[in-house]
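Encoded as structure tokens, the structure appears first; notes follow it.
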Amino acid sequence: MAVRKVGVIGCGLMGSGITQVCAQSGFETTVREVSQELIDRGLSRIKSFMEAGVKRGKLKEEDVTSTFRRIKSTTRYEDLADCDIVIEAVIENMDAKKEVFSTLDKLCRKDTIIASNTSSLSITEMASVTRRHDKCIGMHFFNPVPVMKLIEIVKPEITSEQTYQAVREMGQSLGKTVVTAKDTPGFIVNLLLVPYLLDAVRAVENGTATKEDVDTAVKLGLNHPMGPIELLDYVGLDTTYYIAEAMFQEFKDTRYASPTLLKRMVLAGRNGRKVGRGFYDYNSK
């Protein structure tokens, strides 16, 4: 099957990015949020991002106009019923994602693919609440979605080859490079990234070095564009914490055990750039 009409659940940081790249690539895209306020905030984020591209000469004004012409927004699940694929981008919580999968399964066409943008959770478990196991799949985008070139497709054994090929072709049509992972916690990127980020927090927590020196050492010594503490702020401390907890519960490997410092900062609401403060303060920037 060919994907022509896309649904997106959630218009936050990831959901709005997914909405943008789908609509910008020519797909009729419907995004659903719980309130009009959150929809307006997400659409404003898309507009600001694209207008910045116009100023840099990367986009034309007509690109912005045509993209928004393809975007519809709603607070109703029912408006996604005729989509070829629906991609959920809600909070990284299994119960929340299973609720979305179950709701979509009841409302959407029998041939609609249900995809999750999860960065670590089991697609098989999400699919268990549906009657379309073969049409459930993982489609993990990276932040910021319009810029990052990668999509991890997570293909459980229950997913059909037809579903996989349709999603792979769609991902490539978005201008992304597609890699495929088994349905194991963390997939490819977070399997490797999370221990690295946690070790950086431990280095700061244990007094091995300051956060600034940890970041500088990695950027100049390993030629990384961003240090691990900066990256942690960018990804979100809460997001990383939840991913690490899920992976630790699955593997029982201390590499995925969250440092006390990270947990304290999440409890204090210092979740990174998105709230203005994480390990670094962004309120003045």
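The values are calculated or read from the model by the stated rules, or taken from the named source; none is laboratory data. The shown structure was predicted, so the numbers you read here are calculated from the model rather than taken from an experiment. Cβ: placed from backbone, ideal geometry, glycine included. Neighbour counts: every protein chain shown.
State whether the residues of the stretch 148-161 include one that is within 21 Å of Val179 (Cβ to Cβ), modelled with pLDDT of 95 or more and in contact with a Pro (Cβ under 9 Å, 6 or more places away or on another chain). The answer is no; no qualifying residue exists. A search for C-beta distances below 6 Å between a residue of the stretch 172-183 that is more than 18 Å from Ala23 (Cα to Cα) and in contact (Cβ under 8 Å) with a residue 12 or more places away in the chain and any residue that is of a type in the set (Val, Ile, Thr) and surrounded by 15 or more Cβ atoms within 10 Å (Cβ to Cβ), counting only pairs 6+ apart in sequence or on different chains, returns Val178/Ile151; Val178/Ile153; Thr180/Ile153; Ala181/Val154; Ala181/Ile188; Asp183/Ile123; Asp183/Thr124; Asp183/Val154. Quick one: would you say Glu62 is among the charged types (D, E, K, R) and part of a helix (DSSP H, G or I)? When the stated conditions are applied, Glu62 passes them. Looking only at residues of the stretch 14-50 that are more than 19 Å from Asp82 (Cβ to Cβ) and of a type in the set (Ser, Thr, Tyr), we find that the one that is surrounded by the most Cβ atoms within 10 Å (Cβ to Cβ) is Ser16. Only one of the numbered conditions (1) under 30 Å from Glu125 (Cα atoms); (2) modelled with pLDDT of 95 or more is not met by Thr210, and that is (1). Being more than 27 Å from Val194 (Cβ to Cβ), small (Gly, Ala, Ser) and in contact with a strand residue (DSSP E or B) (Cβ under 6 Å, 6 or more places away or on another chain) holds for only one residue in Ser119, Ser73, Ser102, and it is Ser73. Of the residues screened, Glu78 is one that is exposed (fewer than 13 other Cβ atoms within 10 Å of the Cβ), touching a helix residue (DSSP H, G or I) at 6+ places or on another chain (Cβ under 7 Å) and not assigned by TED's automatic domain parsing to the domain that holds Asn271. Within this structure, Val154 passes the test of being touching a Phe, Trp or Tyr at 6+ places or on another chain (Cβ under 6 Å), crowded, with 23+ Cβ neighbours inside 10 Å, touching a residue at least 12 places away in the same chain (Cβ under 8 Å) and in the same structural domain as Thr19 (by TED's automatic domain parsing).
Within the stretch 163-183, the residues that satisfy the criterion of being in contact with a helix residue (DSSP H, G or I) (Cβ under 8 Å, 6 or more places away or on another chain) and either surrounded by fewer than 16 Cβ atoms within 10 Å (Cβ to Cβ) or over 19 Å from Phe142 (Cα atoms) (or both) are Thr163, Gly175, Thr180.
Among strands (runs of 3 or more DSSP E) entirely within the stretch 105-224, having at least 2 residues that are within 26 Å of Asp253 (Cα to Cα) singles out 136-140, 150-154, 177-181.
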